[in-house]
Amino acid sequence: MGWLREIDRWFMAEVLPHASAYRARAAHFCGRDDAEDLVQEAYARVLSTPDYRAIITPRSFVLTIVHNLALERLRRANVVRIELLASLDMLDIVDPAPDAFAIAAGRSELRRLQRLIDALPPQCARVMHMRKIQGMPPTAIAEALSISVSTVEKHIAKGLTLITKARRDGQAQVEEVCPAVPKSHSVTLT
Amino acid sequence: MSGRSEITQRHADLTDEAASWLAALDAGSADVAAFEAWREADVRHAATFVEVAATWRDLDGLRVAQDEMRRAGSAPSGDPIPAEPIFVEPISGGRASRRHVLCAAASIAAVTAVGGGVAYRANARDMAVTGIGQRKTVATAHGLSLDLR
């Protein structure tokens, strides 16, 4: 993939494997609807960091950015759940399984990707299978299916979009399995 | 809140755009200079593109897995042989385990520090109590102020 810059490769290797943790943290503070926006904003900030190579623990770095962005939003909000105030102080200990999220390349993730391809519209699934599993170049796929290369391209773009979105949704599900803040730490006030 | 669906829609559109660029680059039909300009125009473009590219790379894992299965003799034959070699980044075990230790150490430090903070705050909280019908404004850390009622 010659179109990736060095910072992109670093981002893929060090930042993205922990996407579930960022989404869980963001959803905890801002709710599911805002979480995606907050994570994307955090990603944008990380990619704007000129000396990114100096970041020793990218995961914690991004979690801190998510935390600070959430805090900015909470300051602007009029009404805030009281237990969120307490959990804002628990930046590090609420990270329950530091490496549980990093196993994205494992067998279960591959099975999930396979299911996501299978769930695509038929022609789109066929093209994605030929390109990514059989390793056929786009011109060969066009020939085999008697369609134009630009149609192959459209199917690939569509398949890639749908799979990327489905993965984001899947990562957002993790938050329910692993709540970001244990109940015992929440503050109740009546 | 207003604009929520707008934000969701913007992410959806950006993902479409990024995937279209990647598909065009993959097919060799992209205007590379135009792509670079798009990526430089907004760091969110760059962020979405790298996310899409990660999915693209992860999908290669399916081909690797299938090749392994074929080598083991358990895959159905008939699929074409992959056209190009696949590059898999090695995982540095030593580095990972060292980070693990650092994480653990940091967590212990954090538990100690925050534990103290919570106990302290628990005392402070007892004083912020309102009677029925009373209201009180309390300033907390982080520059937030609370209206209690």
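First select every other residue whose beta carbon is under 14 angstrom from the beta carbon of residue A:47; then total the charges, Lys and Arg +1, Asp and Glu -1.
Neighbour charge sum, excluding residue A:47 itself: -2.
Between residue A:32 and residue A:148, what is the label-point separation in nm under the 7 Å Cα-to-beta-carbon projection?
Going from the residue A:148 label point to the residue A:32 one covers 4.0 nm.
Pop a pseudo-label 7 angstrom from the Cα along the beta-carbon direction at both residue A:5 and residue B:40 and give the gap in nm to one decimal.
0.9 nm
Where a number appears in this text, it was derived from the coordinates with a stated rule and is not lab data. Here the structure is a predicted model, which means the values were calculated and not measured. Glycine gets a Cβ as well: all are built from the backbone with ideal geometry, and neighbour counts include every protein chain shown.
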